[in-house]
Amino acid sequence: MWMPSHGPPAVRALTRVAGLFYAAPPAGFTDEPLLPPRGVPYVAAPGQQAELDVLESELTPVCAGLQRMDVAGTLAQAPWVRAEQLMGSLWDPESTDIDVHALHQGCLRGFRRAGGLLRCDAEVQAAQHSGDGWHITLTDGSTLRAATQVNAAGAWGDVLAARCGVGPVGLQPRRRSAFTFAAPPGVSRADLAAGGFGRGRGRGLVCQARCRPAVGLARQRRRHAAA
């Protein structure tokens, strides 16, 4: 999702800068809107009045259309929340989905137009830098040369860095658990954020639990391959 109301001020600022591209991508990048509308409620339980007040004061100057909602208004957006466990919420109408498929395909088209070649299943085994750039060895035994190498391994950035002779910075992979379930009869699907993350997805809902430390890289890959 594109959520300029989420995170500390620096993250919100970066999100807004990215939104300039999403809202008006270059000509030919995509035929689909990259930011389908959604909206997000920040839900508060009884006893969280002070926390909701602080969040409202932080978001009001930077979140257009932010609304304070009572229990009834919150239930209109997230009717499966138990009313007795709710004191109100903040409704952010500005936050949207991101059409990840359209975004990804647009980036790939631009990459190929610029002469880029996409290689899948091409894991870096080792890389050394010399005067003429990077000499990269892949796990299948093939080699590549590059003037610049970008470490885009995410949480496994330290693993790739070590294979390139670069010291770690303390990155730790985290594991997320997600599950889908059918929406209760008569309930419209909308966003819900309470102790985790929830959203409408297809014919049901998808919820994501809090992050936990990930298992080793090899075991994680085997688990995904067997799923």
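The table below gives the values:
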quantity: Subset of the stretch 61-106 (residues that are more than 19 Å from E51 (Cα to Cα) and of a type in the set (S, T, Y)); calculated: S95, T96
quantity: Selected residue (criterion: farthest from G88 (Cα to Cα)) from residues of the stretch 9-47 that are of a type outside the set (G, A, S), over 16 Å from the mean Cα position of the chain (by Cα) and part of a helix (DSSP H, G or I); calculated: F21
quantity: Meets criteria (in contact with a strand residue (DSSP E or B) (Cβ under 7 Å, 6 or more places away or on another chain), free of Cβ contacts under 8 Å to residues at least 40 places away in the same chain and within 30 Å of L160 (Cβ to Cβ)) for Q125; calculated: yes
quantity: Candidate set: the stretch 48-57, residues that are of a type in the set (A, V, I, L, M, F, W, C) and loosely packed, with under 12 Cβ neighbours inside 10 Å; chosen: the one farthest from E94 (Cα to Cα); calculated: A50
quantity: Positions within the stretch 128-137 being of a type in the set (G, A, S) and either touching a residue at least 40 places away in the same chain (Cβ under 8 Å) or closer than 20 Å to G116 by Cα (or both), in sequence order; calculated: G133
quantity: First in the stretch 156-173 and closer than 17 Å to G133 by Cα, second anywhere and surrounded by fewer than 10 Cβ atoms within 10 Å (Cβ to Cβ) and not β-branched (V, I, T), Cβ under 8 Å, 6 or more apart; calculated: A161/G167
quantity: All positions within the stretch 1-21 that are crowded, with 18+ Cβ neighbours inside 10 Å and touching a helix residue (DSSP H, G or I) at 6+ places or on another chain (Cβ under 8 Å); calculated: W2, M3, P4, S5
quantity: Failed condition for P168, given (1) closer than 30 Å to F21 by Cβ; (2) under 25 Å from the mean Cα position of the chain (by Cα); (3) of a type outside the set (A, V, I, L, M); (4) in a loop (DSSP other than H, G, I, E, B); calculated: (1)
quantity: Strands (runs of 3 or more DSSP E) fully within the stretch 48-157 counting 2 or more residues that are more than 23 Å from the chain's Cα centre (by Cα), more than 30 Å from F29 (Cα to Cα) and modelled with pLDDT of 90 or more; calculated: 67-69, 124-130, 133-138
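Residue-wise test of (1) farther than 28 Å from V43 by Cβ; (2) touching a residue at least 60 places away in the same chain (Cβ under 8 Å); (3) loosely packed, with under 14 Cβ neighbours inside 10 Å.
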residue: G73; (1), (2), (3): no, no, no
residue: M87; (1), (2), (3): no, no, no
residue: D97; (1), (2), (3): no, yes, no
residue: L108; (1), (2), (3): yes, no, yes
residue: G115; (1), (2), (3): yes, no, yes
residue: T139; (1), (2), (3): yes, no, yes
residue: Q149; (1), (2), (3): yes, no, no
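The values are calculated or read from the model by the stated rules, or taken from the named source; none is laboratory data. The structure presented is a predicted model; accordingly, all values stated were derived computationally and were not measured. Every residue, glycine as well, gets a Cβ built from its backbone with ideal geometry; the counts of neighbours run over all protein chains shown.
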